Amino acid sequence: MDLFREKALADKVVFIAGASSGINLGIARHFAAHGARVSIVSRSADKIASAAASLVADGFEAIGMAADVRDFSAVEAALKQTHAQFGPIDIVISGAAGNFIAPAAQMSSNGFKTVVDIDLIGTFNVLRGAYPYLNKPGASLISITAPQGTNPMMYQAHVCAAKAGINMLTKCLAMEWGAEGIRVNAISPGPIADTEGMRRLSPTSESDAALKSRLALRDYGTTKDIADTALFLASDNARYITGTVVECDGGCKLGDASPMAADEYVIRA
Ligand code: NAP
Ligand code: COA
């Protein structure tokens, strides 16, 4: 497949969990624009119906269904319906997630569990649920993880634990399913502009500026940056890539250890 061909995903069937908004809806739109038939799910029947309607209104082939990724039978039903309507599934994106800022000492057990249930158990449910419906060999499974999966972050114990679990799950499934021609990878987005995730993590323009100053590329990414990465990983151009976490993050994981911001140093002329 030539990735740069206009309809690079023509005839491909794509299932995307957590695609009523943000990064995952961006992936759905990008894949549909490249010719894929997309099936999107999220918890809210209203939100997912309006997301699917917006894709259809733009001339794309898309269906939307409500399913909470914490409920394996609901996920299974959505996958079964996708298979019945579109045929075997070529590409799966698991991106449903929840986040809030909370110090561990003030986080309830249920608060911690809720995020682990959505992000980590939900990802297992989506990937495991998809397994019998995959078009194999050649299927590509992609989870959306985060820098918290490799770098500890204050007030993010629940997300760090859940996303680290996704990173390891990615590697385990890649090993177990590789012999059947199923590739399993993850994308770790850095801070992405105009998303719910960043509204929760960086609520002010001051916190945005401070975070940008610590990124190698000094700016937030876009949903298209992540969609382009997903398009590559989903395509046959990435046929020999499996078990990896691809960081599309402006260099945020590089973790500058400097005691001062770059513009605070006095540099000798
Ligand atoms: P978002 O717009 O809030 O997307 C989250 C999606 O998950 C929504 O469609 C939401 O829809 C769905 N969802 C939540 N709980 C669910 C559940 N139990 N079952 C099914 N669907 C559920 O947030 P976003 O910022 O674009 O984040 C998307 C992904 O990127 C997440 O995996 C996040 O961790 C990751 N990420 C984001 C950033 C960033 O900068 N934004 C950075 C790194 C990683 P409903 O409310 O309809 O369920
Ligand atoms: N601080 C501390 N604890 C919080 C919290 C916060 N801001 N928000 C929720 N919690 C706790 C609740 O108190 C509850 O624990 P308790 O029963 O011990 O009181 C637990 O988390 C579950 O909350 P609930 O509102 O019932 O969960 P939910 O399943 O309806 O919603 C969330 C899940 C909490 C993750 C919600 O924020 C959500 O739906 N997020 C999706 C969108 C999102 O986060 N996008 C960004 C993705 S990166």
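Taking every residue in region 191-209 that is in contact (Cβ under 8 Å) with a residue 12 or more places away in the chain and pairing it with any residue that is among the small types (Gly, Ala, Ser) and away from ligand 1 (no atom under 11 Å from the Cβ), at least 6 positions away or on another chain, the pairs with Cβ-Cβ distances below 9 Å are Leu201/Ser207. I'm checking my understanding of the structure. Among residues of region 26-49 that are open to solvent by 10 Å² or more (accessible area, probe 1.4 Å) and within 16 Å of ligand 2 (Cβ to nearest atom), which one is nearest to the chain's Cα centre (by Cα)? Looking at residues that are open to solvent by 10 Å² or more (accessible area, probe 1.4 Å) and within 16 Å of ligand 2 (Cβ to nearest atom), I get Gly26. As for region 91-100, it holds no residue that is within 16 Å of ligand 1 (Cβ to nearest atom), farther than 27 Å from Leu169 by Cα and surrounded by 14 or more Cβ atoms within 10 Å (Cβ to Cβ). Residue pairs whose Cβ atoms lie under 8 Å apart, separated by 6 or more positions or on different chains, with the first residue in region 18-33 and part of a helix (DSSP H, G or I) and the second among the basic types (Lys, Arg), are Gly26/Lys224; His30/Lys224; Phe31/Lys12. Scanning region 159-174 for residues that are buried (at least 24 other Cβ atoms within 10 Å of the Cβ) and more than 11 Å from ligand 1 (Cβ to nearest atom) gives a single hit, Thr170. Is it fair to say Pro203 is modelled with pLDDT under 95, within 16 Å of ligand 2 (Cβ to nearest atom) and not in a helix (DSSP H, G or I)? Yes.
Evaluating Val92 against the criteria (1) without any contact (Cβ under 8 Å) to a residue 40 or more places away in the chain; (2) outside any helix (DSSP H, G or I); (3) closer than 20 Å to Ala230 by Cβ leaves one unmet condition, (1). Taking the listed residues Ala234, Ala193, Ala216, Ala230, the one that is open to solvent by less than 60 Å² (accessible area, probe 1.4 Å) and more than 17 Å from the chain's Cα centre (by Cα) is Ala216, with no other qualifying. Checked against (1) in contact (Cβ under 8 Å) with a residue 24 or more places away in the chain; (2) outside any helix (DSSP H, G or I); (3) of a type outside the set (Asp, Glu); (4) surrounded by fewer than 16 Cβ atoms within 10 Å (Cβ to Cβ), Pro152 passes all but condition (1).
Considering each residue of region 144-151 in turn, at least one proves to be more than 18 Å from Ile27 (Cβ to Cβ) and modelled with pLDDT under 95. Residues in region 155-193 that are assigned to a strand (DSSP E or B), under 21 Å from Gly22 (Cβ atoms) and aliphatic (A, V, I, L, M): 3 in all. Among the residues of region 125-149, those that are in a helix (DSSP H, G or I), more than 13 Å from ligand 1 (Cβ to nearest atom) and among the hydrophobic types (A, V, I, L, M, F, W, C) comprise Leu127, Ala130.
For residues in region 107-141 being touching a His at 6+ places or on another chain (Cβ under 9 Å) and among the aromatic types (Phe, Trp, Tyr), which is surrounded by the most Cβ atoms within 10 Å (Cβ to Cβ)? Among residues in region 107-141 that are touching a His at 6+ places or on another chain (Cβ under 9 Å) and among the aromatic types (Phe, Trp, Tyr), the one surrounded by the most Cβ atoms within 10 Å (Cβ to Cβ) is Tyr133. Across region 50-89, the qualifying residues are those that are open to solvent by less than 60 Å² (accessible area, probe 1.4 Å) and part of a loop (DSSP other than H, G, I, E, B), and the one among them that is farthest from ligand 2 (Cβ to nearest atom) is Gly87.
The values are calculated or read from the model by the stated rules, or taken from the named source; none is laboratory data. A quick note: this is a predicted structure, and the numbers were derived from the prediction, not measured. Neighbour counts run over all protein chains shown; Cβ positions are idealised from the backbone, glycine included. Each accessible area value is taken on the protein alone, full model and side chains, heavy atoms only, with ligands, DNA and RNA left out. Shrake-Rupley method; radii C 1.70, N 1.55, O 1.52, S 1.80 Å.
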